[in-house]
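The values are calculated or read from the model by the stated rules, or taken from the named source; none is laboratory data. Since this is a predicted model, take the numbers as computed values, not measurements. Please note: Cβ atoms are built from the backbone with ideal geometry, for glycine as well, and neighbour counts cover all protein chains shown. Heads up: the accessible areas ignore ligands, DNA and RNA and are worked out on the full protein's heavy atoms, side chains in. Shrake-Rupley method; radii C 1.70, N 1.55, O 1.52, S 1.80 Å.
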Amino acid sequence: MSNLKKFSEDTFASDVLQAAGPVLVDFHADWCTPCKMMGPVIDEIATQYGEDLTVGKVDVDADPSIAMNYGVMGIPTLGYFRDGKLVDRLVGYPGPSGVRAFVEKNSHSGVV
């Protein structure tokens, strides 16, 4: 079962910016084919990392101001947040191994 969350304007501050641990945010849209391709990988990561990493999605069509606040110009974009700050991003879909490498790099960066 996936631990994937849905972030919105109402929940972004509490679920992402004030989170006790790191958060992976998938900025996506329902019409975006690469976003759909990345979806199963994001689900796997949410399940694999469990409580060590909060994983969720922001629909840029439903909540465009969140995307604008973080300079998301193209989708899919993954944002890695730590201590209320965006510390890294991945734009585009590099395939499953590229997404996993991005998460691993940030998860093992020494600051959890």
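Miscellaneous remarks
- In order along the range 59-69, phi translates into HN-Hα couplings of 7, 5, 7, 7, 9, x, 5, 5, 4, 5, 4 Hz, rounded to whole numbers, per the Karplus curve 6.51 cos²θ - 1.76 cosθ + 1.60 with θ = phi - 60° and x for Gly and Pro.
- What the chain shows is 53 Å² of accessible area per residue, with the surface traced by a 1.4 Å probe over protein heavy atoms.
- Charging the Cβ of each Asp and Glu at -1 and of each Lys and Arg at +1, and nothing else, the dipole of the chain about its Cα centre rounds to 300 debye.
- Nearby aspartates and glutamates by direct alpha-carbon distance to K57 (threshold 14 angstrom, same-chain neighbours under 8 apart not counted): E9, D10, D15, D26, D30, D43, E44
- The chain shape via C-alpha gyration tensor axes, a/c threshold 1.5: rounded
- Carbon + sulfur, % of accessible area of the range 2-112 - ligands and nucleic acids excluded, 1.4 Å: 53 percent
- Ranking F12, T77, A62 by how far each Cα lies toward the positive end of the dipole of the range 1-81 (charges on Cβ) leaves T77 at the top.
- K36-S65 pseudo-label distance in nm [points 7 Å out on the Cα-to-Cβ vector]: 3.0 nm
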